[in-house]
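Below is one structure, written out as structure tokens; comments come after it.
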Amino acid sequence: MSEHAIEAVGLRRTYRSRTGWLRPQRREVEAVRGVDLTVGNGELFGLLGPNGAGKTTTIKLLNTLLIPTAGEARICGFDVVRQTREVRRRIGYVFGGDRGLYDRLSARDNLRYFAELYGVPGREQKRRIAELLDLVRLSGRENDRVEGYSRGMRQRLHIARGLLHRPRVLFLDEPSIGVDPVAARELRQTVADLAATGTTVLLTTHYMAEADELCGRIAVIANGTIQALGTPAELRHHADGRQVLEVEAYGVGDAQLAVIHALPGVREASVVVTGAAQVLTVQSDAGVDVQADVLRALDGVRLGRVTARQPTLEDAYVAIVNRVDAQALPVEAVAV
Amino acid sequence: MIAVGALLHAKQLSRSPFEIATALIVPVVQATLAVYLFRAGGEPGRLLEAAVGAGLMGVWSSVLFGSGGAIQNQRWQGTLEMIMLAPRPPALVVLPITLATALTGTYAMVATLAWGRLLYGIPLTFAHPLAFAVAVPGCIIGLGMFGLLLASTFVLLRNANALTNTLEYPIWLVSGMLVPITALPGWTGPIAAVLPTTWGARAVREAATGSGPTWPSLGICLAISLACLALGAIMMTHVERRARAAATLALA
Ligand SMILES: Nc1ncnc2c1ncn2[C@@H]1O[C@H](COP(=O)(O)OP(=O)(O)OP(=O)(O)O)[C@@H](O)[C@H]1O
Ligand SMILES: [Mg+2]
């Protein structure tokens, strides 16, 4: 057995597509541009990145659904292009969203079909399916058609399907999307248990807390390349020397945000709407007290609570991703 | 695995409201069509033959739209990727689907005959009931295998629907499901001879009317179908790779 569950060297993938019939135009998207990755056996590895960063593409390159344009990848020592079947025997794939199931069949029939496809021995199937239905708490509803399931139930069925054949390496692409908080916590527990029993997990998510809690190591991917890689604690260092100011506000405009961005010492500034209120998050150099300047810039805006705090993983993530954006901008300007 | 797969896919297919509506209406239309065509031709004695032909058309439509449509549906549902991830030869993964469509197509055959009997009083007296009972499933399995060959093109092409539509009627005609082959222009002969549908239709017709021995035609149908299966399997493996390179397994 290979000592690494996942190895990728110089992985690249370009999508070519044609649009238009009369005047066909070729469009190329470089989704993944040189990803190097090694994940050890039993490791729980997180892949974070903004929308369109290339996370799903990376996963599909590793799980044999796509053939890389360049580079190589191995799962448990087997090449994903040349030893496809060996790889497929050892991997499970779960993606977020409610597609990927036979809607007009029951959960049990869905699992039975995939158990058969994925080569679960006949005499084991019944027990394994019951076990998994229990695990994802669908027992009791297993004979209902999937079309009547809620989003979260579908997601849980997805997970059960991915585990049918006891894969050694599990790819989870945003598995907690649309799952309620209680179920999400159970899902995290399940994933942690799997990793504890030796399953290697590659997880993508947009929930920083989830990644922070679960993952031993995290890679932040943006623009198709890995920007930072390390334990959550190591990644947090990317926000070292910074402090964070959070201001609850009602009615911050783009102009004010731009002013805050330009203040001396301010590194990042963003607004997130939570219910009726906005939360303005300002990252600044630790040595500079920007609070007075920020509040002055917000003159005339109704404000709520103001808090200063230490940076979290999310702040580090924002710092890493924004650094990439800042670098990418001039390049695009030249290309246009 | 093939049996379980075919069964479950048939279950999934037969529960689609669209399929059910089609399945209810189409046989009636086909039975009617067959009856009027032959009445107009002044050959009421061949009504049964017409009805059987119409039924076969139903099976064929089901296989064609099935193998094409099923692959397309799976792409929409996002299940195409999931089944292709199975550690199996891709042909084995897809075969149950095409068999399932042929299976649901059988229903079209039965329904057409039943409606023909009910509405138009076509006598259901088969010359060789036993041969008929064997020829129909044989023909359907043959069509299912032929479907695999078709399906391989659908895995690759993202807008395969256009192809399905262009194939439906010509193959009905060329295979002599409705009109005797002898009534067609000569150049269609060779095409008809290599299509398993031709021989399947002939076998079924022979069994129904006693116009000839059933077994040779059925044998040829199955032989060609097996060749299609072999070719389809090779194509499928090749096509699966192409699809992974071209990223056509998923929608986006
Ligand atoms: N089949 C495809 N054809 C063409 N372009 C594609 C295809 N799939 C993805 N892309 C493009 O590749 C890039 C990376 O997409 P990918 O799905 O890997 O992103 P992601 O990191 O998973 O994003 P998200 O967080 O939204 O899931 C995007 O620019 C996307 O538009
Ligand atoms: Mg994605």
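Odds and ends about this structure:
- A Förster radius of 51 Å, combined with the Cβ-Cβ distance separating B:L231 from A:H261, puts the computed FRET efficiency at roughly 0.20.
- Here the relative contact order of segment A:4-236, from alpha carbon pairs under 8 Å that lie six or more residues apart, stands at 28 percent.
- For A:K126, a cut-off of 15 angstrom between C-alpha atoms picks up these aspartates and glutamates, skipping any fewer than 8 places away in its own chain: A:D109, A:E116, A:D134, A:E142.
- The order of the peptides A:135-146, B:76-87, A:33-44 by mean Cβ neighbours within 10 Å, most packed first, is B:76-87, A:33-44, A:135-146.
- Paramagnetic label zone (point 7 Å from Cα along Cα-to-C-beta, A:D254; backbone N under 19 Å) in segment A:282-325: A:298
- Packing, as the average of other Cβ atoms within 10 Å across residues, places the peptides A:267-280, A:68-81 in the order A:68-81, A:267-280, highest first.
- Solvent-accessible area lost on pairing B with A (1.4 Å probe, both sides summed) amounts to about 3300 Å².
- Note on A:R16 and B:V29: their simple-model spin labels are 4.0 nm apart, each label 7 Å out from Cα toward Cβ.
- Spin-label pair B:W76/A:R166, simplified geometry with 7 Å Cα→Cβ offset, distance in nm: 3.9
- Contour minus Cα-Cα distance for A:D285 and A:R137 (0.36 nm per residue): 48.6 nm
- Sites A:A277 and B:A245 - FRET efficiency at Förster radius 56 Å, r taken between beta-carbons, to 0.05: 0.70
The values are calculated or read from the model by the stated rules, or taken from the named source; none is laboratory data. As the structure is a prediction and not an experimental result, all values here were calculated from the model. All Cβ positions, even for glycine, are placed from backbone atoms using ideal geometry, and neighbour counts span all protein chains on display. The protein model used for the area step is the full one, side chains on, heavy atoms only, and it has no ligands, DNA or RNA in it. Shrake-Rupley method; radii C 1.70, N 1.55, O 1.52, S 1.80 Å.
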